[in-house]
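Written below as structure tokens is the structure these notes are about.
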Amino acid sequence: MIDVVFQLIIYFMVATTFVITPAISLQLPSSATAEPTAVSRLVITVVSREEIYFNKERYTMDTLGERLAVLSEPEKAQVKSVVLDGDRSISYSLLVEVLDSLRQNGFKAINLRMRTP
């Protein structure tokens, strides 16, 4: 029995993939009610209107919608949730535009990432 459990542990350690978010310096806002979420394959990082990262690829607000539209339905189905990072200095309207773009392209589960105090 111990051998089986040990092999299962080894299997899950090898089969687990880790998503590395882009190394962009952000000052995330804090929240007392933030909950941890599982990191998905899709991370959107908003630094400014001219600097939006789709995982590690850089886009502008104008080209982000085009990039999201290119994703096929099977690719969209693989994404369980989208993690949205927004710098503290961005405007609320820009964040809403990014959320609208994600929802118009079929993404329903969108999580806002923030730091906890």
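The values are calculated or read from the model by the stated rules, or taken from the named source; none is laboratory data. Just so it is clear, the model here is predicted, and its values are computed rather than measured. Here the Cβ positions follow ideal geometry from the backbone for every residue, glycine too, while neighbour counts run over all protein chains shown. Side chains included, ligands, DNA and RNA excluded: accessible areas come from the protein's heavy atoms. Shrake-Rupley method; radii C 1.70, N 1.55, O 1.52, S 1.80 Å.
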Can you give the accessible area of ASP100 in Å² (nearest 10), computed on protein heavy atoms with a 1.4 Å probe? 80 Å²
For the pair ILE2 and SER81, the simple spin-label estimate (label points 7 Å beyond Cα toward Cβ) gives in nm 3.8 nm
Highest to lowest packing among 54-63, 78-87, scored as the average C-beta count within 10 Å: 78-87, 54-63
